[in-house]
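To start, the structure under review is shown below, and the notes come after it.
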Amino acid sequence: MTYLRIPGLVSIVITNYNKSAFLINCLDGILRQTYPNWEVILVDDASTDDSLTQVENWLNDNRQQLAERTFITLPLPRNIGYAGAMTAGLYLAKGELIAVHDSDDISHHERLERQVSFLQSRPDIELVGTNYEVFEHNQMDLRSKAGWIRYGDQIRKVYASGGHCVCHGTIMLRGGLFDHIGGHTRRIEGAEDYEFIARALSAKSLNIENMPDILYYYRKHPNQRSRQYFGKERLKRNEK
């Protein structure tokens, strides 16, 4: 099946569940992007905090800067989990390229521009992640570089052995990849990001790469989703 996608447009898919304390930082980071051609699809997974109010206020405050952009807020009527929310956002994405973003993290202001440039120069690559830095809650001035990201041929080897070496929140993929393999599984709760990338690698030997550039800032906080499934060991790995 052939899908119509808008050339040059980057669709930024953000999923959110009760992250109102961090959501404005995330949205401000997107507004500062140097790449001009983007839309946002924010899927709220039936948050019980004031996330939707925060988004509404932010949209009103930035109405002029957003005048010519598409910003879709999709409030789900019930909580369906990360995979379902992410896939709902991916289905709404119209862009030639799709960027994933976690609502408690922040993107470098050149993230989109650099990833778009990379994919334009590498037609053989379907999905690209980046390196990133970890910071504790609101201490952005105290950041540490992730040490578990891998590059080139090492990526396929790591996933073949059951490992993980692409930070899901940093990825940008061609819309055609989603059209080909679909969204995130709901059968493996807590490892949806791993399964999606492993499936992308196995689908007709599609190629994936990581950029060494620090283009994403990963926030550590007590309520982050990864702590529910992997505890301290995975979070420590992010700092190595």
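What follows draws every value from the coordinates through simple rules; no lab data is involved. On a predicted model such as this, the values are computed, not experimentally measured, just so you know. When we count neighbours, we look across all protein chains shown, and the Cβ atoms used for this are built from the backbone with ideal geometry, even at glycine.
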Restricting the stretch 1-90 to GluC sites (Glu not before Pro) in coil, as DSSP defines it, with at most 12 other Cβ within 10 Å: 68
Gap separating the Cα centres of the stretch 1-77 and the stretch 110-145, nearest whole Å: 18
The stretch 1-86: trypsin sites (Lys or Arg not before Pro) in DSSP loop, at most 15 other beta carbons within 10 Å: 32, 63, 69, 78
Residue exposure sequence - 211, 86, 140, 172 - by fewest surrounding Cβ within 10 Å: 140, 211, 86, 172
Whole-Hz ³J(HN,Hα) from phi, Karplus 6.51 cos²θ - 1.76 cosθ + 1.60, for the stretch 58-73, glycine and proline x: 5, 4, 5, 5, 10, 4, 5, 5, 9, 4, 9, 10, 8, 10, 9, 10
Exposure proxy order (Cβ contacts within 10 Å, fewest to most) of 53, 15: 53, 15
Total formal charge among the other residues, if their Cβ is under 11 angstrom from that of residue 209, Lys/Arg +1 and Asp/Glu -1: 0
Relative contact order (%) - criterion: Cα under 8 Å, at least six apart; region: the stretch 6-237: 25
Three-way shape call for the chain based on the alpha-carbon gyration tensor, with the a/c threshold at 1.5: rounded
Three-way shape call for the stretch 19-102 based on the alpha-carbon gyration tensor, with the a/c threshold at 1.5: oblate
